[in-house]
Amino acid sequence: MYASREDIGYDFGDDSKVRSKPIKPNPNIDGGWAWMIVLSSFLVHILIMGSQMALGILNMEWLEEFNQSRGLTAWVSSLSMGITLIVGPFIGLFISMCGCRRTAIIGGILNALGWILSAYASNVHYLFLTFGVTAGIGSGMVYLPAVVMVGQYFQKRRALAQGLSTTGTGFGAFLMTALLKYLCTEFGWRNAMFIQGAISLNLCVCGALMRPLSPKDLREKCVVRSDSEENRAKALSHSTETIKSNGVLGEEPEKKEEAANEEVLGSVQHIEIGGKSGSGRSMYGLRLFKTVSQLTVTVRKGFALWYSSYFGAASLFTNRVFVAFIIWALFAYSSFVIPFIHLPEIVKQYNLSRQDNVFPLTSIIAIVHIFGKVILGLISDLPCISTWNVFLMANFTLVTCILTLPLMQTYVGLAVVCALIGFSSGYFSLMPVVTEDLVGTKHLANAYGIIICANGISALFGPPFAGWIYDITQKYDFSFYIAGLLYMVGIIFLLIQPCIQKKQPRKKSTEEAQV
């Protein structure tokens, strides 16, 4: 069932000459500094995703302070969480031009600025701009590089590394809830947000740890991955060329772009050499011109990569399996968020508040979610196990739990279903791995930016939609049923696209036509 990047992704040129040479692996791939990248990503998830999971503490303070409706006040948290994910495609542009390290450092400053400015809010609409938009964009500028860098530094243990780094969300939910509750009690919510803004500056430190790999290391990593994926491709019955023809990123435009950039830099160096005999002022002007030219070339190259990934003749959207992945992401995330919102009401409806106060069902989901990410990552990294199959099985388990949860009317039954929801939702750690298998490391930032953008749309509109369903039916059951059915539609898209491509007739290549 699993199809590797060679089969459902893009062709990155002929590496036969490179493969014939012995490759000395970089010690930082799957080891060394790679684990510092995991630590950096882990801390990012604590400071960003953990803080967002703890916004309920501040939401109560805002309700008391501004005396606005619950729906209007809740949009502050929804905007922050949604924008963090929705800006993914635009953050991919920043990464293409500036790199992960600079993008994350700028995002850390912006996130801290959003928290600090929110401490001076005079109304809820002020918070929309400072916390929802400013802090949300800053969070997105740190979150995406944290995921992309882990994918770049790991080859054999990608799923485990992503699982360990994303467990920061669960730990952060506990730590940040306790911290914000303490700060609000001792210093008030305004000072608490100011202090949290200062703490968020540590995101800049996390960004500084994201040391970029050299282009040579990235090429070697792609060669090693291609070799390992070819072995898995032998078990597939359909032709790789057929599916490549549906989504191939051509290398010729990129080569022409690089040649033009080299010509610009070469002319600048020629002018600089010719002007060495000139005055000091002219030399300073030449150095400034050279710096601006290099910056222009970097921006042009990054924008060209970003534009070709989204709007080029062979963009990411020509990969049909990736498009199906996007459709799945539009429905998946809300199915995970809705139980967190409506579980307390279901517990109250079934008169289970006493048991839930002892051990809340939402805490069961959060705790098991941490172990689910690590365990699913370990299983996926086994040589005989397909990451794609593990991902699909976890999705089937989660959608089954969403559909059966309203049928449970005892605390034990709800606790079992919530534990399964927490474990199966650990597939979030596999999403970057699956995305990288579909499009390759080179296009991971842009591709995963689209995926988390779809997740952001789902998180932004899913819970209000569930609330609207309750207002019509006066039952929470239908919210879970409709979310589960939409989720199932997304899973079906993931299943049918590889089957459709498998049945397509094989197209003759140019070489075969000439023969």
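So which pairs qualify, if the first residue must be in the stretch 346-368 and touching a residue at least 40 places away in the same chain (Cβ under 8 Å), the second must be open to solvent by less than 40 Å² (accessible area, probe 1.4 Å) and not in a helix (DSSP H, G or I), the Cβ gap must be under 9 Å, and the two must be at least 6 apart or on different chains?
ILE346/LEU352; ILE346/TYR476; GLN349/TYR476; LEU361/LEU352
Would you confirm whether any residue within the stretch 424-433 is in contact (Cβ under 8 Å) with a residue 60 or more places away in the chain and touching a Cys at 6+ places or on another chain (Cβ under 8 Å)?
no
Tally up the residues in the stretch 453-482 that are in contact with a Gly (Cβ under 7 Å, 6 or more places away or on another chain) and either at pLDDT 80 or above or in the same structural domain as VAL76 (by the TED database) (or both), please.
Quick first cut of the stretch 453-482, residues in contact with a Gly (Cβ under 7 Å, 6 or more places away or on another chain) only: 453, 456, 459-460.
Now narrow it down to the ones that are either at pLDDT 80 or above or in the same structural domain as VAL76 (by the TED database) (or both): 453, 456.
Qualifying residue count, the stretch 453-482: 2.
With respect to VAL439, determine if the residue is surrounded by 23 or more Cβ atoms within 10 Å (Cβ to Cβ) and β-branched (Val, Ile, Thr).
Judged against the criteria, VAL439 is a match.
Search the stretch 378-412 for residues being open to solvent by 80 Å² or more (accessible area, probe 1.4 Å) and part of a helix (DSSP H, G or I), and hand back the single one that is farthest from ALA161 (Cα to Cα).
LEU407
Go over the candidates ILE421, ILE365 one by one and state the one that is open to solvent by less than 10 Å² (accessible area, probe 1.4 Å) and at pLDDT 85 or above.
ILE421
Can you find even one residue in the stretch 442-452 that is at pLDDT below 85 and touching a Lys or Arg at 6+ places or on another chain (Cβ under 6 Å)?
no
Of everything in the stretch 10-42 that's among the aromatic types (Phe, Trp, Tyr) and not in a loop (DSSP other than H, G, I, E, B), which residue is modelled with the lowest pLDDT?
Here the residue is TRP35.
Restricting the search to the stretch 43-70, which residues are open to solvent by 50 Å² or more (accessible area, probe 1.4 Å) and assigned to a helix (DSSP H, G or I)?
LEU43, MET53, MET60, GLU61, GLU64, GLU65, ARG70, listed by residue number.
Kindly establish whether VAL323 is under 21 Å from the mean Cα position of the chain (by Cα), under 30 Å from GLN474 (Cβ atoms), open to solvent by 10 Å² or more (accessible area, probe 1.4 Å) and hydrophobic (A, V, I, L, M, F, W, C).
So VAL323 fails the test.
The values are calculated or read from the model by the stated rules, or taken from the named source; none is laboratory data. None of the values given here were measured: they were computed from a predicted structure. Reconstructed Cβ throughout: ideal geometry from the backbone, glycine too, with neighbour counts over all protein chains shown. Heavy atoms of the whole protein, side chains included, go into the accessibility calculation; ligands, DNA and RNA do not. Shrake-Rupley method; radii C 1.70, N 1.55, O 1.52, S 1.80 Å.
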